[in-house]
Each structure stands twice: as structure tokens, then as C-alpha cells.
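Presented below is the structure to which this report refers.
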Amino acid sequence: MAEEEKIREHAKHALQDLFDKSKKWKDRIKDFAWEVFIIIVAVNITLWFHSWSEKRHERELEKNFLIGIRGDLGIINQKLIGDSIFNQPIFNYYDSIDTQITNHRIDKAFADANSSNLLSDSYFVYDNSRFENFKSSGYLRLIENDSLALVIAYLYTIAFPNIKDMDKIVNDNMSDLLTYLYANSRLNSSKSFIVSDLLNTSEGTSRIIVRKSLISNRRDLKEGVKYGVRIIKNRIDDELKSRFNYEVKNPNREINN
């Protein structure tokens with residue numbers, strides 16, 4: 001029999017005892033009070049059990065979210081590392097051209113042979129579905145470590161979107177540069193732009209310097225976020241260990257808190 005049915009049964013008995021004319025009124029009051037006492041105890045036990053059960057469920061939700069979000073951050077961190085590796089030759093090319101422009105010593109062979117780096121790029125893509133589902137369900141409040149909840153929310157609502165916004169700026173700039181190159185440059189036999197002549201013009205050099213500045217700023221942004229992701233992964237590991245006695249396999253703690 002469910003607890004609610006038991007409570008209703010005791011309430012029925014209490015009324016029966018109260019109005020049982022075969023008993024003395026003192027006995028009726030005593031029996032009635034006893035049934036009421038049983039009801040009060042039963043209600044409190046039921047409320048306690050429901051509260052305990054709900055709390056246990058919420059702890060499980062929090063634990064599973066932290067485990068899942070840690071995995072998501074691991075994938076994002078690998079993406080950022082991959083972007084850094086892919087973009088390093090591109091940045092090196094722009095850095096070299098910038099130095100050549102500054103020193104007024106253009107290496108035409110180098111500039112033309114590697115001009116494909118002018119328009120090469122990678123874009124930051126990440127999966128935020130777990131975080132958004134957890135947030136939209138109102139479950140962020142379940143993370144008892146308020147500072148940890150805040151930094152996770154910061155990553156997904158500010159840091160990652162900032163990278164995507166910066167990617168868009170860099171991509172828009174690349175489209176403008178591509179239009180400029182098609183209008184003002186020629187293609188060599190390898191279908192790469194011959195850009196060395198443009199590096200002797202104010203417009204050509206200014207476009208290169210602006211793009212170099214953009215990709216440099218984006219690189220710094222991604223490096224900062226990448227560092228933050230690794231720090232937060234470490235904090236999640238600590239939280240899982242201290243609150244849930246959950247040991248992360250192969251934690252790969254590259255940075256100490």
C-alpha cells in the first residue's frame with residue numbers, strides 16, 4: 001500500500017475513533033490523538049523520503065553533467081590544439097611578410113611560393129548541446145560549487161562565442177582580401193597568387209598587415225581560452241573526486257591549479 005493510502009486510512013480511523021459512541025469521550029480523544037500522531041509521523045517520513053530521493057536524483061544529474069561536460073571540453077581542447085597546429089604555418093607566413101615589409105626587403109620567391117597561406121584558415125566548431133540542455137532545464141543551480149558553475153557558463157556563453165565571432169571577422173576579411181587579389185594579382189602555374197608586386201604598394205601592404213593583426217589577435221584569444229579549458233577540466237576533476245569520489249581515468253593534468 002502506498003504511503004498516501006496509509007495516511008488516508010489512518011485519517012479514516014481517526015474520524016471513526018472520534019465519533020465512536022461506544023467509547024468514552026476520553027478514550028475517543030486518546031485514540032483520535034494517537035491516529036493523528038501516526039499521520040504526522042507518516043507525513044514527515046514521506047516528505048523526508050521524497051526530499052532525499054529528489055536530492056539523490058539531483059546529485060546524479062550534477063555528477064553526470066560534470067562527467068559529460070568534461071568530455072566535451074576535452075574534445076574542444078583538442079580542436080583548439082588542432083587549430084593552433086594548422087594555423088601556425090599561416091601565421092609564420094604573415095609574420096615573415098610583415099617583417100619583410102617593415103625592413104623593405106621583399107623576398108619575392110618566398111612570398112609567391114607560399115601565397116596560398118594568405119587564404120588558408122580553420123574555423124572553430126564546438127558542441128554546446130549538453131550545456132544548453134542543462135541550462136534550459138534550470139539545472140545549473142544543481143552545481144553546488146558556484147564558482148565552477150560560473151566558469152563553465154563563462155566558457156559556453158562568452159569565451160566560445162567570442163572565438164566564433166572572431167572567426168567571422170577573420171573570414172569576412174579573407175573574403176575582402178580574395179576579391180582584392182583577384183582584381184589586382186595574377187595566378188602562377190600552381191594557381192597561387194603572385195603577390196610580391198602588391199607588397200610594394202601601400203594598399204597591398206596595409207591589407208597584409210591588417211590581416212596579420214586579425215589572425216594574431218584570434219590566435220591569442222584561442223590560446224587564452226585553451227588554457228582556461230584545461231584549468232576548468234582540472235577543477236571538474238577535483239570536484240568529481242571530492243564530492244562524488246569519482247576518479248577520472250587518464251586525467252592528463254597538463255596544468256596545475
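The values are calculated or read from the model by the stated rules, or taken from the named source; none is laboratory data. The structure displayed is predicted, hence computed values, not measured ones. Every residue, glycine as well, gets a Cβ built from its backbone with ideal geometry; the counts of neighbours run over all protein chains shown. For the accessible areas, the whole protein counts, side chains as well, though only heavy atoms, and no ligand, DNA or RNA atoms are used. Shrake-Rupley method; radii C 1.70, N 1.55, O 1.52, S 1.80 Å.
Scanning the stretch 188-222 for residues that are in a loop (DSSP other than H, G, I, E, B) and surrounded by 14 or more Cβ atoms within 10 Å (Cβ to Cβ) yields Ser192, Val195.
Taken over the stretch 211-257, residues that are within 24 Å of Gly82 (Cα to Cα) and either acidic (Asp, Glu) or at pLDDT 90 or above (or both) amount to 28.
With respect to the conditions (1) open to solvent by less than 20 Å² (accessible area, probe 1.4 Å); (2) among the β-branched types (Val, Ile, Thr); (3) within 12 Å of the chain's Cα centre (by Cα), Ile163 falls short on a single one, namely (3). Which one of Ile69, Ile76, Ile81, Ile106 is of a type outside the set (Asp, Glu) and not in a helix (DSSP H, G or I)? Among Ile69, Ile76, Ile81, Ile106, only Ile106 is of a type outside the set (Asp, Glu) and not in a helix (DSSP H, G or I). Taking the residues in the stretch 223-242 that are in contact (Cβ under 8 Å) with a residue 24 or more places away in the chain and open to solvent by 50 Å² or more (accessible area, probe 1.4 Å) as candidates, determine which candidate is farthest from Phe160 (Cα to Cα). Within the stretch 223-242, the match that is farthest from Phe160 (Cα to Cα) is Arg235. Going through (1) touching a residue at least 40 places away in the same chain (Cβ under 8 Å); (2) open to solvent by less than 60 Å² (accessible area, probe 1.4 Å) one by one, Glu144 falls short only on (2). Checking each residue in the stretch 78-111 for being surrounded by fewer than 15 Cβ atoms within 10 Å (Cβ to Cβ), β-branched (Val, Ile, Thr) and more than 35 Å from the chain's Cα centre (by Cα) picks out Thr99, Thr102. If you go through the stretch 134-175 and keep only what is under 20 Å from Arg59 (Cβ atoms) and either β-branched (Val, Ile, Thr) or assigned to a loop (DSSP other than H, G, I, E, B) (or both), you end up with Ser137, Gly138, Ile143, Glu144, Asn145, Ile152.
Consider the stretch 112-134 and keep the residues that are within 11 Å of the chain's Cα centre (by Cα) and open to solvent by 70 Å² or more (accessible area, probe 1.4 Å). The one that is nearest to Ser175 (Cα to Cα) is Asp127. Screening Leu177, Leu199, Leu187 for residues that are under 33 Å from the mean Cα position of the chain (by Cα) and at pLDDT below 95 leaves exactly one candidate, Leu177.
Out of Lys63, Lys30, report the one residue that is charged (D, E, K, R) and modelled with pLDDT under 90. Spell out how you get there, then give the answer.
Details: Lys63 fails: modelled with pLDDT under 90.
Exactly one residue qualifies, and that residue is Lys30.
Residues in the stretch 122-133 that are touching a residue at least 60 places away in the same chain (Cβ under 8 Å) and assigned to a loop (DSSP other than H, G, I, E, B): Phe124 alone.
Close contacts from the stretch 71-91, counting a first residue that is closer than 30 Å to Leu240 by Cα and without any contact (Cβ under 8 Å) to a residue 60 or more places away in the chain and a second that is part of a helix (DSSP H, G or I) and among the charged types (D, E, K, R), with Cβ to Cβ under 8 Å and a gap of 6+ residues or different chains, come to Asp72/Arg130.
Can you name the residue in the stretch 93-104 that is without any contact (Cβ under 8 Å) to a residue 24 or more places away in the chain and polar (S, T, N, Q) and is also farthest from Asp237 (Cα to Cα) among such residues? Before the answer, list the steps.
Within the stretch 93-104, the first condition is being without any contact (Cβ under 8 Å) to a residue 24 or more places away in the chain, and the residues that meet it are 96, 99, 102-104.
When the remaining residues are screened for being polar (S, T, N, Q), the result is 96, 99, 102-103.
On the way: Ser96: 41, Thr99: 44, Thr102: 48, Asn103: 50 Å.
Checking each candidate, the answer is Asn103.
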